[in-house]
1. Taking the options LEU291, LEU257, name whichever one is buried (at least 22 other Cβ atoms within 10 Å of the Cβ), more than 24 Å from VAL213 (Cα to Cα) and free of Cβ contacts under 8 Å to residues at least 40 places away in the same chain.
2. Which of the residues that make up the stretch 326-351 are surrounded by fewer than 22 Cβ atoms within 10 Å (Cβ to Cβ) and not in a helix (DSSP H, G or I)?
3. Go through GLY277, GLY304 for me and flag whichever is in a helix (DSSP H, G or I), surrounded by fewer than 18 Cβ atoms within 10 Å (Cβ to Cβ), out of contact with any Gly (no Cβ under 9 Å at 6 or more places or on another chain) and in contact (Cβ under 8 Å) with a residue 12 or more places away in the chain.
4. What number of residues within the stretch 101-150 satisfy the criterion of being at pLDDT below 50 and closer than 19 Å to ASN194 by Cβ?
5. Take the residues in the stretch 229-240 that are part of a loop (DSSP other than H, G, I, E, B) and surrounded by 21 or more Cβ atoms within 10 Å (Cβ to Cβ), then tell me which one is nearest to the chain's Cα centre (by Cα).
6. Tell me which residues, restricted to the stretch 507-531, are modelled with pLDDT under 90, charged (D, E, K, R) and within 13 Å of ALA473 (Cβ to Cβ).
7. Mind telling me which of the residues ALA226, ALA201 ends up being surrounded by 15 or more Cβ atoms within 10 Å (Cβ to Cβ) and not in a loop (DSSP other than H, G, I, E, B)?
8. Here are ARG283, ARG184: which of them is of a type in the set (Lys, Arg), modelled with pLDDT under 95 and either assigned to a loop (DSSP other than H, G, I, E, B) or under 30 Å from ALA336 (Cα atoms) (or both)?
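The values are calculated or read from the model by the stated rules, or taken from the named source; none is laboratory data. This one's a predicted model, so the numbers in the text were calculated from it and none came from an experiment. Quick reminder, even Gly has a Cβ in these numbers, built from the backbone with ideal geometry, and neighbours come from all protein chains shown.
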Amino acid sequence: MTKLATFSDLPPEIIHLILGHVESPHDLLSFLRVFPHLAPSLPLAQTHAAGKAWICAGERDKETILHLTAEQGDSAMLAALLANPSTDPNRLATIPFSTFSPSTDGRTLGGRTFPGHNRTPLSLAAHNGHLGAVQSLLAHPSTDASIAKRPTHMHTPLALAACAGHLAITTLLLARPETDAESRGAALGWAAVNGHAAVVALLLARDDVDPNVEEHRTRHTPLALAATGGHCDVVAMLLAREDVNTDAIGLEDFTPLCFAARMGHRDVVEMLLGHGGVDPNGRSATEMSPLMCAVSRGHGEVVGVLLRREDVRVEQRDGQGKTALLWAVQLGRVEAMRMLLLRGDVDVNVRDSAGAPVMGIVARRGRVDMLTLLTQRDDVDVSIRDGSGMSALALAASGGGVEAVAFLLRQGLDVNARDDKGFTPLMLAAKRGRTAVVKMLMEFDGVDFHAKDVKGKSVLVAAAESGQVEVVALLLERGCVDINARDRSGRTALAVAMDDKGRWAIDPLGEKSDYDAVAKLLLEYGGVVDI
């Protein structure tokens, strides 16, 4: 009986003919793992067979069998393929990759996915930490370790190895003569932002690495990148260099201290503050100080560290005219606000750029917890008014904060205080449909039901004018208002409610308007249009 021949017994030309029908590099690689002796003799069409195009790539930008082998770290197969004279070790492909920066507190920072243009097999092996594969590729006389089109030096094999913290591979690539200054700088930035201290130390020990090199996209220095990631050991290495710019500002307009404060890295903040060259009030182009950065993000520990420094200027304003206290108030950072108010040089009556005082801002938002903190300061002006003459009580009433209104009444604020238009807190609450506040104020001793604004409008007219049927009902049931009182234009509440040209626009912060129901109710109680 004749013995059947195995596949490997077939003539090479037949095998290559069969391989010509294997379309995918993945399938081809699987085939070669069964028959590795065929790798050195693959024709050019096979070694450069195009696979998946990831991002609008042309035929030449697709991954090949060599890219797959390098990415997987198969050193033996890689060596066999590189022995093939038709293999181009510098073949480019578009293969996306992601990066992330694990901070010391366990968070993941700055994750990004890059399109991955100009990926060589060497860049894939270096990024994935395959030392043997890197050595095999570097042993090939045609391998170029620096292929990357400007401004993507951050994507060179060296930069990607440093990004992933592969010390041995970084060392190998640094020894290559084609490695340029831009690639070394990108490697330092990547290593710094990812907290790879050993790689950073390796790079800083060289005379040809600039410790202040700027990342091409953000213009951040290694110190700024390390501070953002919260990497104390890397920050310490950089601060030990006399030539490091400690207050460098990149495109995001923050100093390294601002970045650390913004991210809540207390240890890094303390380390930077302990360095004599760091400005504790160093501002960004938006003029936000480190203190403002910490307050705006609610990082209480960092706020505390900064406030313990007497040279930290707590009344410094940013480009929007905000102080640290205004940032705390507007973003609801109660703990930061509490710590700020413990500093006697913090102005508790500070106003924003529109003239609104802290007390008014807090009252409008109904924040009793913040009002309590403010009133614990002896120098707070509880009667302070905003640019429209509105008191904190008026703002609380307009905003509908029942508890805030009750708190301010207990503080002794004038229940009938008028703003520049003559509105009282009761009128403002009525106009905005704040029914619960209206009920509370109606029960307060001394409230003036007959007050009128500068146009002669009463509280009933204010409620009717904005279609607030529940408030109108409360006032009429109480019998405390003159239903047919006229304003200076001679109009009654009913006339106002029926005049669709004079109606108020519905305020998204107020209650829904119902003018027909208001008119019907006024008619039931004897309201008239003309007397």
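1. Working: LEU257 fails: more than 24 Å from VAL213 (Cα to Cα).
The unique qualifying residue is LEU291.
2. GLY332, LEU342, ARG343, GLY344, ASP345, VAL346, ASP347, VAL348, ASN349, VAL350, ARG351
3. Numbers: GLY277 fails: in a helix (DSSP H, G or I).
So the residue among GLY277, GLY304 that is in a helix (DSSP H, G or I), surrounded by fewer than 18 Cβ atoms within 10 Å (Cβ to Cβ), out of contact with any Gly (no Cβ under 9 Å at 6 or more places or on another chain) and in contact (Cβ under 8 Å) with a residue 12 or more places away in the chain is GLY304.
4. Selection size over the stretch 101-150: 9.
5. Top of the filtered list is GLY230.
6. Of everything in the stretch 507-531, those that are modelled with pLDDT under 90, charged (D, E, K, R) and within 13 Å of ALA473 (Cβ to Cβ) turn out to be GLU511, ASP514.
7. Going through ALA226, ALA201 in turn, just one is surrounded by 15 or more Cβ atoms within 10 Å (Cβ to Cβ) and not in a loop (DSSP other than H, G, I, E, B): ALA226.
8. On inspection, the qualifying residue turns out to be ARG283.
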